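The values are calculated or read from the model by the stated rules, or taken from the named source; none is laboratory data. It should be emphasised that the depicted structure is a prediction, and the values quoted were computed from it without experimental measurement. Counting neighbours? That spans all protein chains shown, and the Cβs are built from the backbone with ideal geometry, glycine included.
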Amino acid sequence: MNIRDATEADLPAIAEIYNVAVASRQSTADTEPVSVESRLPWLRNRDRATRPLWVMDADGAVAAWLSVDSFHSRPAYNITAEVSVYVATAYRRRGIARRLLQEAIRHGGSAGTRTFVALIFGHNEPSIALFEGFGFQRWAHLPGVTELDGVERDVVILGLRIDGRGAARINHRQVLRAHDKKNVCFGCLELEEIFSNPLHQR
Ligand SMILES: CC(C)(COP(=O)(O)OP(=O)(O)OC[C@H]1O[C@@H](n2cnc3c(N)ncnc32)[C@H](O)[C@@H]1OP(=O)(O)O)[C@@H](O)C(=O)NCCC(=O)NCCS
């Protein structure tokens, strides 16, 4: 498996993976399936250097995708990016989202991004666990701001500060709290791997 830039030829697979998530009511505030055509401007109108769209290629099949999008259109927000990751059901629990997110954090630091945010439903526990494992912290809790099939749902905004080298400015206590909770501090391990500079020695 390898990570590569998404092309227009990948859009049917990208939309298919996304539409499974739409139907799940757990991952996105879109309520209707998206079409390939509707995704074209999203793919075309981006600065690939700072707002990449990648797929995880599994022997020619698209197993997952990750997108870095602008958090807000106003220019002062350019240092902040929103990250989203979607994995095809058949490829979940194999560390694919972790690999993509690790790459996004590594890339973001060199691309001038200082902060990553992720907007996630409060009931999307797998995703929250994924991001918290990288040291993302809960910066906002928006109660009942969405409605899915007549049920109001909360949204949390998770955030991670990164510096110019891509190294996370993680509050070490926060990482240790994540460690306590999960018994596996993979955020710590991943970030150590990324920067070859053990966080524990900073
Ligand atoms: C959330 C999602 C991206 C995880 O992808 P994945 O490739 O299966 O995740 P990984 O195998 O890399 O797992 C990394 C960590 O995420 C968390 N995680 C992933 N799936 C989980 C699950 N079903 N339950 C609990 N934690 C889970 C765990 O902390 C896991 O670490 P661990 O294996 O050491 O426990 C995937 O379930 C998905 O595509 N969901 C639908 C889309 C979505 O919700 N995206 C997030 C919004 S941006």
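Details
- ALA21 vs. criteria at pLDDT 95 or above, within 22 Å of THR146 (Cα to Cα), within 15 Å of the ligand (Cβ to nearest atom) and in a loop (DSSP other than H, G, I, E, B): no
- Residue match in segment 60-75 (condition: in contact (Cβ under 8 Å) with a residue 12 or more places away in the chain, farther than 20 Å from VAL155 by Cα and more than 17 Å from the chain's Cα centre (by Cα)): yes
- Subset of segment 52-78 that is among the polar types (S, T, N, Q) and in a strand (DSSP E or B) - its residue that is surrounded by the most Cβ atoms within 10 Å (Cβ to Cβ): SER67
- Residue within segment 136-146 that is within 15 Å of the ligand (Cβ to nearest atom) and either under 23 Å from MET1 (Cβ atoms) or touching a helix residue (DSSP H, G or I) at 6+ places or on another chain (Cβ under 7 Å) (or both) present: no
- Contacts under 9 angstrom Cβ, first residue in segment 23-35 being at negative phi and in contact (Cβ under 8 Å) with a residue 24 or more places away in the chain, partner among the basic types (Lys, Arg) and within 12 Å of the ligand (Cβ to nearest atom), 6 or more apart: THR31/ARG25
- Qualifying residue in segment 99-117 (condition: under 10 Å from the mean Cα position of the chain (by Cα), near the ligand (Cβ under 9 Å from one of its atoms) and closer than 24 Å to ASN19 by Cβ): yes
- Subset of segment 24-53 (residues that are among the β-branched types (Val, Ile, Thr) and within 12 Å of the ligand (Cβ to nearest atom)): THR28
- Annotation: ALA15 fulfils all but one of (1) away from the ligand (no atom under 13 Å from the Cβ); (2) surrounded by fewer than 17 Cβ atoms within 10 Å (Cβ to Cβ); (3) closer than 26 Å to ALA129 by Cα; (4) free of Cβ contacts under 8 Å to residues at least 40 places away in the same chain; the unmet one is (2).
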